[in-house]
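Working notes, beginning with the structure itself.
Read-outs throughout are calculated quantities, based only on the coordinates presented, and are distinct from any laboratory measurement. Being a predicted model, the structure only gives us computed values, none of them experimental. Here the Cβ positions follow ideal geometry from the backbone for every residue, glycine too, while neighbour counts run over all protein chains shown.
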Amino acid sequence: MDRVLRLAASSRDGHLALRRVERQQALIERLHAARGERVRMGELARELGVSPRTVARDVERLRLSGVPLDAYRGHGGGVRLLSTGAAIHLVLDLPEAAALISSLAVLGPTASESAASAMRKLAEALNPPSGEG
């Protein structure tokens, strides 16, 4: 494959990966809004503008990545985001926080309310007001 074709394929693959990340973030946001209730795959597919199979693949990728999702098969099936209760407290070192910031920057820190909130919290943690750090 010559250089131009490789660059075009790389660009397309990157664009598709970004679209997948954006869609998966929208999926998590939608399931969070359902407050632990099941949402049918067909409904999610219509809302996201993709096939139910694409939603199923996204759900499986997220689940394997550690996102607490339950998927149910069959006529009454669907997917739900498991509640973790209160806020999650993490301890991250600088490189870990920077990795998350760079990932959010690629997605776009305003891609969703939670992305914007996470970006703001990470930036505030790395840049405390003067007198605190």
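Determine, from the Cβ-Cβ distance of A98 and R63 and an R0 of 25 Å, the FRET efficiency 1/(1 + (r/R0)^6), rounded to the nearest 0.05.
Values: r = 27 Å, r/R0 = 1.06.
E between A98 and R63, to the nearest 0.05, is 0.40.
Using per-residue counts of other Cβ atoms within 10 Å, averaged over each peptide, order 22-32, 108-118, 37-47 from highest down.
Numbers: 22-32: 17.7, 108-118: 14.5, 37-47: 16.0.
Per-residue mean Cβ counts within 10 Å order the peptides as 22-32, 37-47, 108-118.
In terms of the ratio Rg/(2.2 N^0.38 Å) built on C-alpha atoms, what value belongs to the range 1-84? All intermediate terms of the calculation are to be shown ahead of the outcome.
Numbers: Rg = 15.2 Å, N = 84, 2.2 N^0.38 = 11.8 Å.
Cα Rg divided by the expected 2.2 N^0.38 Å: 1.28.
Over the range 16-133, what portion of Cα pair distances is larger than 17 Å, expressed as a whole percent?
Numbers: 4219 of 6903 pairs.
In whole percent, the long-distance tail amounts to 61.
Hey, with R₀ at 35 Å, roughly what FRET efficiency would L82 and R19 work out to, going by the Cβ-Cβ distance, to 0.05? Intermediate values should be presented prior to the final figure.
Numbers: r = 26 Å, r/R0 = 0.74.
The value I calculate is 0.85.
Which FRET efficiency value, to the nearest 0.05, is calculated for A56 and A123 with the Förster distance at 41 angstrom and r the Cβ-Cβ distance?
Values: r = 35 Å, r/R0 = 0.85.
After rounding, the FRET efficiency stands at 0.75.
Each residue of the range 107-114 in turn: what ³J(HN,Hα) in whole Hz from Karplus with 6.51, -1.76, 1.60 and θ = phi - 60°, glycine and Pro shown as x?
So the J values, rounded to whole Hz, are 5, x, x, 10, 4, 7, 4, 5.
Given points 7 Å out from each Cα along the Cα-Cβ axis, report the E47 to A33 separation in nanometres with one decimal.
Each label point lies 7 Å from its Cα, and together they span 0.6 nm.
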